[in-house]
1. Exactly one condition in (1) in a loop (DSSP other than H, G, I, E, B); (2) at pLDDT 95 or above; (3) β-branched (Val, Ile, Thr) is not met by VAL81; state its number.
2. Cβ-Cβ distance below 8 Å, separation of 6 or more or different chains: which pairs start in the range 52-70 with a residue that is in contact (Cβ under 8 Å) with a residue 24 or more places away in the chain and end on one that is outside any helix (DSSP H, G or I) and open to solvent by less than 10 Å² (accessible area, probe 1.4 Å)?
3. Touching a residue at least 40 places away in the same chain (Cβ under 8 Å) and either not aromatic (Phe, Trp, Tyr) or not in a helix (DSSP H, G or I) (or both): is that true of CYS26 in this structure?
4. Let me spell it out: the conditions are (1) in a helix (DSSP H, G or I); (2) among the polar types (S, T, N, Q); (3) more than 24 Å from TYR109 (Cβ to Cβ), and GLN34 meets all of them except one. Which number is the exception?
5. Given THR110, THR13, THR100, which one is part of a loop (DSSP other than H, G, I, E, B), surrounded by 18 or more Cβ atoms within 10 Å (Cβ to Cβ) and of a type in the set (S, T, N, Q)?
6. Among the residues of the range 40-56, which ones are over 16 Å from VAL75 (Cβ atoms) and within 16 Å of the chain's Cα centre (by Cα)?
7. Name the pairs: first residue in the range 102-117 and touching a residue at least 60 places away in the same chain (Cβ under 8 Å) and within 13 Å of VAL92 (Cα to Cα), second residue surrounded by 12 or more Cβ atoms within 10 Å (Cβ to Cβ) and of a type in the set (Val, Ile, Thr), Cβ to Cβ under 6 Å, at least 6 apart or on different chains?
8. Kindly evaluate LEU47 against the criterion of being aliphatic (A, V, I, L, M) and open to solvent by less than 90 Å² (accessible area, probe 1.4 Å).
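The values are calculated or read from the model by the stated rules, or taken from the named source; none is laboratory data. Just so we're clear, the structure is a prediction, and the values are computed from it rather than from any experiment. So basically every Cβ, Gly included, is an ideal-geometry build from the backbone, and we count neighbours across all protein chains shown. We work out accessible area using only protein heavy atoms, side chains counted, and drop any ligands, DNA or RNA first. Shrake-Rupley method; radii C 1.70, N 1.55, O 1.52, S 1.80 Å.
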Amino acid sequence: LRWKHQARGLDATQVDVGLHLDLSECPLLPGTRQPVAQWIMRSYGGLLHRRAVQAEICAQLDAFEEALDRPPAYVDGHQHVHQLPQVRDALVDALQQRYTQKQRPWLRYTAGAAGLPASAYGGWRGWAKARLIAALGSQGLQALAQRNGFAHNPRLLGVYGFDAGTDGYLA
């Protein structure tokens, strides 16, 4: 609960505090949770229930607003689920229904910068992970965002595990 008080004290003009949409680990509504592989397969197969996905997104937006007394500055997704087909459509629809153009959160784009060597990603494994993340929906999310007037960041800046150590994180 302490984070809520601290986050409320942050100046929204100085720091972006956003919603990290979670569908695979700790969603709020019963029946939403499933492994990310299931989200990927079901979204690409067109098998998601749009109303259920949108209800979960709205529940998480409600919780964010209740905690911080403001809309999120941006939305991204745990394990990048926000970019998946059907999920991104439900997300954009929910944001459009909920917020005015001026209030709209920006969306986290998931493709890395073109032409960077594998060393910029901590090696081939990080490079391959970044490419896979981007391939799962970055172009679709970017096109949807642009078509609907949502801002987005220019590129994904980090693909790493939680075991990199100081030198790895600095790199």
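1. Status for VAL81: all satisfied but (1).
2. As it stands, the answer is VAL53/LEU23; GLU56/LEU23; ILE57/LEU21; GLN60/LEU21; LEU61/PRO72; PHE64/PRO72, since those pairs meet every condition given.
3. Details: touching a residue at least 40 places away in the same chain (Cβ under 8 Å): no; either not aromatic (Phe, Trp, Tyr) or not in a helix (DSSP H, G or I) (or both): yes.
Taking the combined requirement at face value, the residue does not satisfy it.
4. (1) is the only condition that GLN34 fails.
5. Working: THR13 fails: surrounded by 18 or more Cβ atoms within 10 Å (Cβ to Cβ); THR100 fails: surrounded by 18 or more Cβ atoms within 10 Å (Cβ to Cβ).
Of THR110, THR13, THR100, the one residue that is part of a loop (DSSP other than H, G, I, E, B), surrounded by 18 or more Cβ atoms within 10 Å (Cβ to Cβ) and of a type in the set (S, T, N, Q) is THR110.
6. Matches in the range 40-56: ILE40, SER43.
7. PRO105/VAL75
8. Numbers: aliphatic (A, V, I, L, M): yes; open to solvent by less than 90 Å² (accessible area, probe 1.4 Å): no.
In short, no.
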